[in-house]
Amino acid sequence: MSQEGYDKLIAELKRLESIERPKASAAIAEAREKGDLSENSEYDAAKEAQAHLEDKINQLKVTISRGKNLYQDPHCPGLAEPQGGRRGRSEDSPWHDQTAY
């Protein structure tokens with residue numbers, strides 16, 4: 001994962017947690033005030049939207065926790081950030097075919 005990609009994920013996570021989560025809670029509270037919850041479709045919709053939001057937040061947290069910034073990885077000290085227009089070759093085992101990329 002590049003540093004830019006990591007930063008975008010962190011920004012999205014912060015936005016969801018600090019802006020969207022309070023909005024979802026407010027929507028649930030507003031729908032709850034409208035009366036009988038067993039017949040309140042607005043309440044059901046707000047709870048479902050909150051569940052989707054929490055799922056997205058959890059997915060982002062997992063992605064961030066599993067992500068690895070390869071360009072700063074101490075186990076790959078010689079790895080440099082790729083530059084546009086660079087070419088390379090890789091050998092495809094077991095036939096040792098070379099592929100240009």
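The values are calculated or read from the model by the stated rules, or taken from the named source; none is laboratory data. A quick note: this is a predicted structure, and the numbers were derived from the prediction, not measured. No Cβ is skipped: glycine too gets one built from the backbone with ideal geometry, and neighbour counts run over all protein chains shown. Keep in mind that these areas ignore ligands, DNA and RNA; they rest on the heavy atoms of the full protein, side chains included. Shrake-Rupley method; radii C 1.70, N 1.55, O 1.52, S 1.80 Å.
Please tell me if Ser38 is open to solvent by 70 Å² or more (accessible area, probe 1.4 Å), out of contact with any Asp or Glu (no Cβ under 7 Å at 6 or more places or on another chain) and not β-branched (Val, Ile, Thr).
Working: open to solvent by 70 Å² or more (accessible area, probe 1.4 Å): yes; out of contact with any Asp or Glu (no Cβ under 7 Å at 6 or more places or on another chain): yes; not β-branched (Val, Ile, Thr): yes.
Yes.
Answer yes or no: is there a residue in the stretch 28-44 that is under 30 Å from Met1 (Cα atoms) and of a type in the set (Asp, Glu). No, the conditions are met nowhere in the stretch 28-44.
Taking the criterion of being over 15 Å from the mean Cα position of the chain (by Cα), more than 23 Å from Ser18 (Cβ to Cβ) and either outside any helix (DSSP H, G or I) or at pLDDT 95 or above (or both), the residues of the stretch 41-75 that qualify are Asp73, Pro74, His75. Only one of the numbered conditions (1) at pLDDT below 95; (2) surrounded by 13 or more Cβ atoms within 10 Å (Cβ to Cβ) is violated by Glu33, and that is (2).
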